[in-house]
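The values are calculated or read from the model by the stated rules, or taken from the named source; none is laboratory data. The structure displayed is predicted, hence computed values, not measured ones. As a convention, Cβ positions derive from the backbone with ideal geometry for all residues, glycine included, and neighbour counts pool all protein chains shown. The accessibility values were calculated without ligands, DNA or RNA, using every heavy atom of the protein model including side chains. Shrake-Rupley method; radii C 1.70, N 1.55, O 1.52, S 1.80 Å.
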Amino acid sequence: DAMVIQNPRYQVTQFGKPVTLSCSQTLNHNVMYWYQQKSSQAPKLLFHYYDKDFNNEADTPDNFQSRRPNTSFCFLDIRSPGLGDAAMYLCATSSGVWESTDTQYFGPGTRLTVL
Amino acid sequence: GNSVTQMEGPVTLSEEAFLTINCTYTATGYPSLFWYVQYPGEGLQLLLKATKADDKGSNKGFEATYRKETTSFHLEKGSVQVSDSAVYFCALSVVDTGRRALTFGSGTRLQVQP
């Protein structure tokens, strides 16, 4: 089945130690998104890639970076995690048609713990 | 701007009860509307969607109708099961000026008791 895969499902890191989260997709979608979801809150968009074009949200901290080496993979890098960065990180994809019907499909998420 | 307002939870129901979760929205353009479901410890799953006025999205016994006149997209199910216990997010999408994003409501937790 075509799907969005995130690894690892659970990640523990230390305060200030860089961490990378991974997302891959078999949907061949043009757009890949990263969301941050804190406990009992709605997901918050950090940034997205349309193909190789990176689109950052205005309020995304510089501590968060992303890479998309090819269509299938996208990485979220947190350069110096703080305690406030502990959250569920969700990857999503969409086909990229220029319409509001461009449905986003989510992966299972990576839960990040910062010690 | 765009926003989504959902009823606050938790909503606690007995098995086989009727479910309604209210959702209203404001949007600058003509949005598509979605309901996503999140089971404990999991990511979001698309439950249903509607892309134009009067469309009805349906899936797994859940339904929601796109009401442009009342800017609403209420989620309903005739008979809930314990397995429906989850958090439900209403969301809208408007693609404009190079930015594509989902705007989510705050989520409504549903607890179904046997």
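What the table shows:
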| quantity | calculated |
| --- | --- |
| Any chance A:N28 is more than 10 Å from every other protein chain (Cβ to nearest Cβ), within 22 Å of B:L102 (Cβ to Cβ) and open to solvent by 90 Å² or more (accessible area, probe 1.4 Å) | yes |
| Test for B:S58: is it more than 12 Å from chain A (Cβ to nearest Cβ) and out of contact with any strand residue (DSSP E or B) (no Cβ under 7 Å at 6 or more places or on another chain) | no |
| Where a residue in the stretch B:63-87 is touching a residue at least 12 places away in the same chain (Cβ under 8 Å) and its partner, wherever it lies, is hydroxyl-bearing (S, T, Y) and buried (at least 17 other Cβ atoms within 10 Å of the Cβ), with Cβ under 7 Å and at least six apart | B:T71/B:T24; B:T71/B:Y25; B:S72/B:T24; B:F73/B:Y25; B:F73/B:Y66; B:L75/B:Y88; B:V87/B:T108 |
| Residue among B:L46, B:L92 that alone is free of Cβ contacts under 8 Å to residues at least 40 places away in the same chain and within 13 Å of chain A (Cβ to nearest Cβ) | B:L46 |
| Single match in B:Q6, B:Q113 (criterion: polar (S, T, N, Q), touching a residue at least 40 places away in the same chain (Cβ under 8 Å) and crowded, with 20+ Cβ neighbours inside 10 Å) | B:Q6 |
| Qualifying residue in the stretch B:97-114 (condition: β-branched (V, I, T), in a strand (DSSP E or B), modelled with pLDDT under 95 and on the phi < 0 side of the Ramachandran plot) | yes |
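Residues are listed down the side, and each one gets a yes or a no for (1) in contact with a Phe, Trp or Tyr (Cβ under 9 Å, 6 or more places away or on another chain); (2) outside any loop (DSSP other than H, G, I, E, B); (3) closer than 23 Å to B:W35 by Cβ:
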position: A:Q6; (1), (2), (3): yes, yes, yes
position: A:L27; (1), (2), (3): yes, no, yes
position: A:F47; (1), (2), (3): yes, yes, no
position: A:D59; (1), (2), (3): no, no, no
position: A:L90; (1), (2), (3): yes, yes, yes
position: A:G96; (1), (2), (3): yes, no, yes
